[in-house]
Amino acid sequence: MTFSLFTLTSSLHDADSVDSITRDFLYEIGLDFDLRGADFSTYGGGADIIYVRTGGTEGIFRSLYPSLRHDRPFYLLTSGKSNSLAASMEILSWLRGQGLRGEILHGETALIRERLVRVGMVEQARKTLSGSRYGVIGAPSDWLIASNCDREALKRRLGIGLVDIPMEELLSEIASLGPVTPPEDLDTVPCQEAAAHAALLGAYAIYKALHALVDRYSLSGLTLRCFDLLSSVHNTGCLALSLLNAEGIVAACEGDIPALISMAVANALTGSCGFQCNPAEMSAVKEEILFAHCTLPMNMARKRVFDTHFESGIGLGIHGELAEGPVTVFKLSGKLDRHFACNARLLQNEYGRHLCRTQIRVRFPADSAVVEDYFLKDPIANHHIVIPGHCAELIDEFLA
């Protein structure tokens, strides 16, 4: 990623010396910088860094301040040469006095580089989400009584727009399809139930129909009132959502908009939509939770078996096994006013017949008490997103 670098320089300092320090310092950091100099007219367009090159620049910054964008943190890069660190501290203290966020990027260049990479990931995710459109097909399921969404806040904070699409339009699209032929890699997936293989054609037709709606409405993703399909086409959306998520088209179950937005944020930050699932069993003593659902992104599963949908016993569900190791459990509220993100560890895969088909046991840090304090006392609804790898700090920064 290229960072736009705006500079603050006092005219009292020798220009040649400052330029030499700048070249050496930026070379050591080893990232791509677009040096904008003292012209701040384009500041605020993305991953913008203010390079405080010398002392005596505090007044220059204050004179620029009214024309600068104030809804993002200010990143003050400094080499520490020519009293630049002292000036950066004065500027940051003044910004704090205005109630604004910011930080000084200073110290070992390896650490500066690492911090800038994270800043770049956050800004790239903002750019990815801004102006995107996500479909709500049908409506949220009736039981999601705590999973409403503040659409104005969603548009204002993340730049995301929601597009309501009637379930009838999806059903019409399914009915209009001719014979469909699933790709060979799906046709050869083992089946736990004899009915599961017979359901594959219908499940794949749902995928094709959803893909047509994605193209028609220029969607980056969707959430589907999937249980309505059980009665209307005697099948499920589990396979369709799995395939869409594997393609990077964010797809959530049950018309759950907060889960959809959580997955969209996860995908923009990490490149993975994550696994939308329900907590099914918890142990506050062990800090463990068994999560389960009947679908997951196909590319998250190291092994997969087709089964029936758990609650109904019809259609096609997916039992997938995920890689053990570090994961992050995440959920963003529908009002976008709070979120939960915690690094954890996937201990094992399970396959009990009394739960949704994909089941994973996750352990949180022993001293975290998140099971009791968050999940049992103050959860953000039921669905949560399990993302490969540890990225809680990245999520926290994005949503700060």
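The values are calculated or read from the model by the stated rules, or taken from the named source; none is laboratory data. For clarity, every value in this text was computed on a predicted model and none was experimentally measured. Backbone-built Cβ (ideal geometry, glycine too); neighbour counts: all protein chains shown.
Can you find a residue in the stretch 1-14 that is of a type in the set (Ser, Thr, Tyr), out of contact with any helix residue (DSSP H, G or I) (no Cβ under 6 Å at 6 or more places or on another chain), outside any helix (DSSP H, G or I) and free of Cβ contacts under 8 Å to residues at least 12 places away in the same chain?
Yes, the stretch 1-14 has at least one match.
Which residue out of LEU260, LEU243 is out of contact with any Leu (no Cβ under 7 Å at 6 or more places or on another chain), part of a helix (DSSP H, G or I) and farther than 22 Å from GLY131 by Cα? Walk me through how you get there before you give the answer.
On the way: LEU260 fails: farther than 22 Å from GLY131 by Cα.
The match here is LEU243.
Of all residues in the stretch 77-135, which are among the basic types (Lys, Arg), touching a helix residue (DSSP H, G or I) at 6+ places or on another chain (Cβ under 8 Å) and either without any contact (Cβ under 8 Å) to a residue 24 or more places away in the chain or closer than 23 Å to THR54 by Cβ (or both)? Let's see the steps before the verdict.
Taking the stretch 77-135 as the starting set, the residues that turn out to be among the basic types (Lys, Arg) are 81, 96, 101, 113, 115, 118, 126-127, 133.
With touching a helix residue (DSSP H, G or I) at 6+ places or on another chain (Cβ under 8 Å) added as a condition, the list becomes 81, 101, 113, 118, 126, 133.
Within the stretch 77-135, LYS81, ARG113 meet the criteria.
Does the stretch 183-231 hold any residues that are more than 21 Å from GLY320 (Cβ to Cβ) and either in contact with a strand residue (DSSP E or B) (Cβ under 7 Å, 6 or more places away or on another chain) or polar (S, T, N, Q) (or both), and which are they?
LEU213, VAL214, TYR217, SER218, LEU219, SER220, ARG225, SER231
Taking ASP215, is it under 29 Å from the mean Cα position of the chain (by Cα) and at pLDDT 95 or above? Steps first, please.
On the way: under 29 Å from the mean Cα position of the chain (by Cα): yes; at pLDDT 95 or above: yes.
Judged against the criteria, ASP215 is a match.
Taking into account only those residues within the stretch 91-103 that are surrounded by fewer than 17 Cβ atoms within 10 Å (Cβ to Cβ) and of a type outside the set (Ser, Thr, Tyr), which is nearest to ALA400 (Cα to Cα)? Can you show your working first?
At the first step, the residues of the stretch 91-103 found to be surrounded by fewer than 17 Cβ atoms within 10 Å (Cβ to Cβ) are 93-94, 96-101, 103.
With the extra rule that they be of a type outside the set (Ser, Thr, Tyr), the set shrinks to 94, 96-101, 103.
Numbers: TRP94: 20, ARG96: 15, GLY97: 18, GLN98: 17, GLY99: 14, LEU100: 12, ARG101: 10, GLU103: 13 Å.
Checking each candidate, the answer is ARG101.
Answer yes or no: is there a residue in the stretch 138-152 that is farther than 23 Å from ARG225 by Cα, out of contact with any Lys or Arg (no Cβ under 7 Å at 6 or more places or on another chain) and either assigned by TED's automatic domain parsing to the domain that holds LEU201 or in a strand (DSSP E or B) (or both). Walk me through how you get there before you give the answer.
The first filter runs over the stretch 138-152 and keeps only residues farther than 23 Å from ARG225 by Cα, leaving none.
No, that holds for no residue.
Determine if the stretch 287-296 includes at least one residue that is closer than 30 Å to LEU158 by Cα, of a type in the set (Phe, Trp, Tyr), in contact with a Cys (Cβ under 8 Å, 6 or more places away or on another chain) and crowded, with 18+ Cβ neighbours inside 10 Å.
Yes, because at least one residue in the stretch 287-296 is closer than 30 Å to LEU158 by Cα, of a type in the set (Phe, Trp, Tyr), in contact with a Cys (Cβ under 8 Å, 6 or more places away or on another chain) and crowded, with 18+ Cβ neighbours inside 10 Å.
Rundown of residues vs (1) farther than 30 Å from ALA198 by Cα; (2) without any contact (Cβ under 8 Å) to a residue 12 or more places away in the chain; (3) not in a helix (DSSP H, G or I), yes/no style:
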site: LEU230; (1), (2), (3): no, no, no
site: ASN267; (1), (2), (3): yes, no, no
site: CYS277; (1), (2), (3): no, no, yes
site: LYS303; (1), (2), (3): no, no, yes
site: PHE306; (1), (2), (3): no, no, yes
site: SER312; (1), (2), (3): no, no, yes
site: VAL327; (1), (2), (3): yes, no, yes
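Considering the stretch 343-371 alone, what residues qualify as being surrounded by fewer than 14 Cβ atoms within 10 Å (Cβ to Cβ) and among the acidic types (Asp, Glu)?
Of everything in the stretch 343-371, just one residue is surrounded by fewer than 14 Cβ atoms within 10 Å (Cβ to Cβ) and among the acidic types (Asp, Glu), namely ASP367.
Conditions: (1) at pLDDT below 90; (2) under 16 Å from HIS309 (Cα atoms); (3) of a type outside the set (Val, Ile, Thr); (4) not in a helix (DSSP H, G or I). HIS197 meets all but one. Number of the miss?
If we test HIS197 against (1) at pLDDT below 90; (2) under 16 Å from HIS309 (Cα atoms); (3) of a type outside the set (Val, Ile, Thr); (4) not in a helix (DSSP H, G or I), just (4) comes out false.
Of ARG225, ARG216, which residue is more than 19 Å from ILE261 (Cβ to Cβ), surrounded by 12 or more Cβ atoms within 10 Å (Cβ to Cβ) and assigned by TED's automatic domain parsing to the domain that holds LEU332? It would help to see each step written out before you state the result.
Numbers: ARG225 fails: more than 19 Å from ILE261 (Cβ to Cβ).
Testing whether each residue is more than 19 Å from ILE261 (Cβ to Cβ), surrounded by 12 or more Cβ atoms within 10 Å (Cβ to Cβ) and assigned by TED's automatic domain parsing to the domain that holds LEU332 leaves just ARG216.
Where the second residue is of a type in the set (Ser, Thr, Tyr) and modelled with pLDDT under 95 and the first is over 30 Å from LYS127 (Cβ atoms) and lies in the stretch 154-173, which pairs have Cβ atoms under 7 Å and are six or more apart or on separate chains?
These pairs meet every condition: LEU171/SER232.
Identify, from the list ASN245, ASN267, the residue that is in contact with a strand residue (DSSP E or B) (Cβ under 9 Å, 6 or more places away or on another chain), modelled with pLDDT of 95 or more, more than 21 Å from ALA203 (Cβ to Cβ) and crowded, with 24+ Cβ neighbours inside 10 Å. Outline the logic, then answer.
Working: ASN245 fails: more than 21 Å from ALA203 (Cβ to Cβ).
Selected residue: ASN267, the only one of ASN245, ASN267 that is in contact with a strand residue (DSSP E or B) (Cβ under 9 Å, 6 or more places away or on another chain), modelled with pLDDT of 95 or more, more than 21 Å from ALA203 (Cβ to Cβ) and crowded, with 24+ Cβ neighbours inside 10 Å.
Out of the stretch 70-92, which residues are more than 13 Å from PHE25 (Cα to Cα), outside any helix (DSSP H, G or I) and out of contact with any Ser or Thr (no Cβ under 8 Å at 6 or more places or on another chain)?
Passing the criteria: HIS70, ASP71, ARG72, PRO73, PHE74, TYR75.
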